[in-house]
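Inspection log for the structure reproduced underneath, given as structure tokens.
The values are calculated or read from the model by the stated rules, or taken from the named source; none is laboratory data. Computed from a prediction, not measured in an experiment: that's the story for all the values here. In this analysis, Cβ positions are derived from the backbone assuming ideal geometry, glycine residues included, and neighbour counts consider all displayed protein chains. SASA here: full protein model, heavy atoms, side chains in, ligands and nucleic acids out. Shrake-Rupley method; radii C 1.70, N 1.55, O 1.52, S 1.80 Å.
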Amino acid sequence: MAAVLMEAREAYDLGYYTQRLADPELLKQSLAVCMIQIPLLVVPVGGSRRGGYYPVPCLCFGLAVRDALRGRPGFPFVRVGWSVFSDHGCVVEWGERPPMPWWPGHDETTLGRFYGYSEDAIDQYTAAQHTRVPTTPPASCSVFSPERPLV
């Protein structure tokens, strides 16, 4: 298993970061990591960005990404760990350890600033999270039903 490093302009999600980072100069030092045909951006630490992460589906992928980033400028203390977010299994992290939003005194704004997002991007994300309407599965869903509790 190998992680291929490419120029940032090849990253599928470059536009996402271009619109959201407080310091767009970091994009000049960013890289794209390609594991399964889709290159995704990794943004180095710098300015207000104190850490970063790259979600991976398993430990094998995590080790390959970690090894590819290790020793590169802007990617200090590269490590693989379990994600604190329920939609990721493992993550490759670099820089400082992130604040956890559920710790006292920390929230989504603190986390957004840690990752170097602009105040506008943080405000938009926070507003979207607070206006999100919970969805229920369709009646025809065979996995969930009120009679069959989730375990």
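A few comments on the model shown:
- Hits in segment 77-97 - residues which are modelled with pLDDT of 95 or more, open to solvent by less than 60 Å² (accessible area, probe 1.4 Å) and part of a loop (DSSP other than H, G, I, E, B): 78
- Residue 54 on the phi < 0 side of the Ramachandran plot, assigned to a strand (DSSP E or B) and surrounded by 13 or more Cβ atoms within 10 Å (Cβ to Cβ): yes
- Matching residues, segment 107-132, being open to solvent by less than 40 Å² (accessible area, probe 1.4 Å) and outside any helix (DSSP H, G or I): 115, 116, 118
- Going through (1) modelled with pLDDT of 95 or more; (2) more than 15 Å from the chain's Cα centre (by Cα) one by one, residue 102 falls short only on (1).
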